[in-house]
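To keep things clear, I will list the structure first and then write my remarks on it.
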Amino acid sequence: MEELEKLHDEIKKCSKCPLHKGRIQAVPGDGNPKADVFFIGEGPGAEEDKQGKPFVGAAGKFLDVMLTEIGWKRDDVFIGNIVKCRPPDNRDPLPEEIDTCCSYLEAQLEIIKPKIIVLLGRHAMYRFLPSDFKISKEHGKVFHRQNKFLVPLYHPAAALYHASLRQTLIDDFKRLPKIIEKVKEMSD
Ligand code: URA
């Protein structure tokens, strides 16, 4: 716990990439430091930048609904992002920003040691899985890479903008409790 707090204090002071210049505050991530499930999004938006917490805007509200539907609370899981500071005008994070920031994500994963990592959207997916993967094909599947169980899903924001993806994401979410059960059985 202390170790994670120390890391988050460091993230809050970070000025390693230009994104720090436009932020109100960094958003290190939030949730249970002993979580079995770590959700990784893309980066903070305007509301996250204001509140210093991940997924508290429109996409976050949808994420909350899906968590509630499967009987999970935010306090049960950990929620973080590929980059910890808001990219200007919500543009995609640049590869060099991702490379610089991801040492923090790796440190969080090292401390929390989740049983599964849920990759929300393509930016999170490409950090861990091959660049020729298509989220439209791989969403909801479980991959085992470098001793980590990875589940790429559509990003909740994509499901808000494209109604057709909404039910797919809800259905994928509903499979998460079974996936975690299976992974736990395998590691027992
Ligand atoms: N979208 C993300 O990817 N992360 C957030 O924290 C909020 C919205």
Discussion item. Students often get this wrong: which residues of region 124-151 have the backbone nitrogen under 11 Å from the point 7 angstrom along Cα-to-C-beta of ILE70?
Written reply: 140-141, 151
Response to the item:
Phi-derived 3J(HN,Hα) across region 167-183 with the Karplus relation (6.51, -1.76, 1.60, θ = phi - 60°), rounded Hz, x for Gly and Pro, is 5, 4, 5, 4, 5, 4, 4, 5, 8, 4, x, 5, 4, 5, 4, 4, 5
Worksheet item: Of the beta bridges DSSP finds with both residues in region 1-149, what % are antiparallel, to the nearest 5?
Response: 30
Item to complete: Could you tell me which of MET125, ASN90, TYR161 has its Cα farthest along the dipole of the chain towards the positive end, charges placed at Cβ (Lys, Arg +1; Asp, Glu -1), taken about the Cα centre?
Response: TYR161
Worksheet entry | Projected-area average for the chain over all orientations - Cα convex hull basis, square nanometres | 10.0
Item to complete: Report the label-to-label distance for GLU2 and SER103 in nanometres (one decimal), using points 7 Å from each Cα along the Cα→Cβ vector.
Response: 2.4
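Calculate the dipole size of the chain relative to its Cα centre from +1 charges on Lys and Arg beta carbons and -1 charges on Asp and Glu beta carbons; express the result in debye to the nearest 20.
Values: 30 positive and 29 negative charges, 60 e Å.
Result for the chain is approximately 300 debye, rounded to the nearest 20.
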Item to complete: Scan the chain and report its longest stretch carrying no trypsin sites (Lys or Arg not before Pro) that are both in a DSSP loop and have at most 10 other Cβ atoms within 10 Å.
Response: 14-90
Worksheet item: Can you list the HN-Hα couplings for region 95-105, worked out from phi with the Karplus curve (6.51, -1.76, 1.60; θ = phi - 60°), rounded to whole Hz and with x for Gly and Pro?
Response: x, 6, 5, 5, 4, 5, 6, 5, 5, 5, 4
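Below 8 Å between Cα atoms, with a sequence gap of 6+, how large is the relative contact order for the chain in percent?
RCO, the chain: 23 percent.
What does the charge dipole of region 95-156 about its Cα centre add up to, to the nearest 20 debye, if the Cβ of each Lys and Arg holds +1 and the Cβ of each Asp and Glu holds -1? Please report the intermediate quantities before stating the final value.
Details: 9 positive and 7 negative charges, 88 e Å.
In total the dipole reaches around 420 debye.
Work out how much length GLU110 to LYS178 would gain on full extension: take 0.36 nm times their residue separation and subtract the Cα-Cα distance, in nm to one decimal. Mind showing how you got there, number by number?
Working: separation 68, 0.36 × 68 = 24.48 nm, distance 2.39 nm.
Difference between extended and current length: 22.1 nm.
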Item to complete: For ARG145 paired with LYS61, estimate the spin-label separation in nm (one decimal), with each label point 7 Å from Cα along the Cα-to-Cβ line.
Response: 3.3
Discussion item. Running a GNM on the chain with Cα contacts under 10 Å, which residue among GLN51, GLN146, GLN108 ends up with the highest mean-square fluctuation?
Written reply: GLN146
Worksheet item: Could you give me the ³J(HN,Hα) list for region 131-140, computed from phi with Karplus coefficients 6.51, -1.76, 1.60 and θ = phi - 60°, whole Hz, x at Gly and Pro?
Response: 6, 8, 5, 10, 4, 5, 9, 9, 4, x
Fill in: In nm, spacing of pseudo-spin labels at HIS162 and GLN51 (7 Å Cα→C-beta vector)
2.6
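Values in this text are rule-based calculations from the coordinates and carry no lab data. Being a predicted model, the structure only gives us computed values, none of them experimental. Using ideal geometry, Cβ is built from the backbone for each residue, glycine included, and neighbour counts are taken over all protein chains shown.
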